[in-house]
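Just so you know, all these numbers are worked out from the coordinates, no wet-lab data involved. This one's a predicted model, so the numbers in the text were calculated from it and none came from an experiment. Cβ: placed from backbone, ideal geometry, glycine included. Neighbour counts: every protein chain shown.
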Amino acid sequence: MARTKEERVHDVFESISGQYDKMNSIISFQRHVAWRKDTMKKMKVFPGASALDVCCGTADWTIHLAEASGADSRIIGLDFSENMLSVGKEKVKEKELPQIELIHGNAMELPFADNQFDYVTIGFGLRNVPDYLQVLKEMKRVLKPGGMAVCLETSQPTMPGFKHVYWGYFKYIMPVFGKIFAKSYKEYSWLQESSQSFPGKKELKQLFYEAGFSHVKYKSYSGGAVASHFATK
């Protein structure tokens, strides 16, 4: 019987959790740190903010949100992979950030009441969910009025020439890196598939509007290969 996208993605992340951080750095040539840093600068996270990091993985962005908002904040990271969360919990413990809570849950059905958070983020996770629009609607639901939703994600490169190099890298080189460094050719092959079918910047902006957000902006990075979208409720 064919597996659903959700089941397939879950298996991928359960199996690569131990190598995920190392592979992120290798695959993005360490650029993912700069993309997130610039995105955070634009968010202007204030002290004592409440934030939810959806599809938090190993909790890198969750940790940055906690550091930016200080000890009086309430920061929650949510992911459906227990293995990814266990890696994240070790990091949180090491950094001594008691304001962070990491929980097991589904982005399609967030276990929170309406109007709970000042910020809701999702980093390199939206492309892995079964229904992009449903997740954006859930993010909007749990945001406070005036709150900000932020999505940092792979996009469809627009720079002429670079586009072909990028997809060639994603399709042929990245899975090989996965095999060499993480013993996971199949899993990293999935990551390029999910990126290739993901909407471009303008299409994703439109999806945010469909989900009911207002004032949606985006910023491209690395020749359009990655983009951050910022949306207000």
- So between Asp38 and Ala113, what do we pick up on full extension, going 0.36 nm a residue minus the alpha carbon distance? 24.0 nm
- Message: Can you give me the distance in nm between label points at Lys5 and Ser197, each placed 7 Å from the Cα along the Cα-to-Cβ direction?
- Response: 0.6 nm
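Assuming 0.36 nm per residue, please report the length gained on full extension of the stretch Glu82 to His215 beyond their Cα-Cα distance.
Values: separation 133, 0.36 × 133 = 47.88 nm, distance 3.46 nm.
That pair, Glu82 and His215, stretches by 44.4 nm at full extension.
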- Message: Please state the shape class of region 50-102: rounded when a/c is under 1.5, otherwise prolate if a/b exceeds b/c and oblate if not, all from the C-alpha gyration tensor.
- Response: oblate
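Can you give the FRET efficiency for Glu94 and Asp72, using 1/(1 + (r/R0)^6), R0 = 30 Å, r = Cβ-Cβ distance, to the nearest 0.05? Write down the numbers at each step before the final one.
Values: r = 21 Å, r/R0 = 0.70.
The formula returns an efficiency of 0.90 here.
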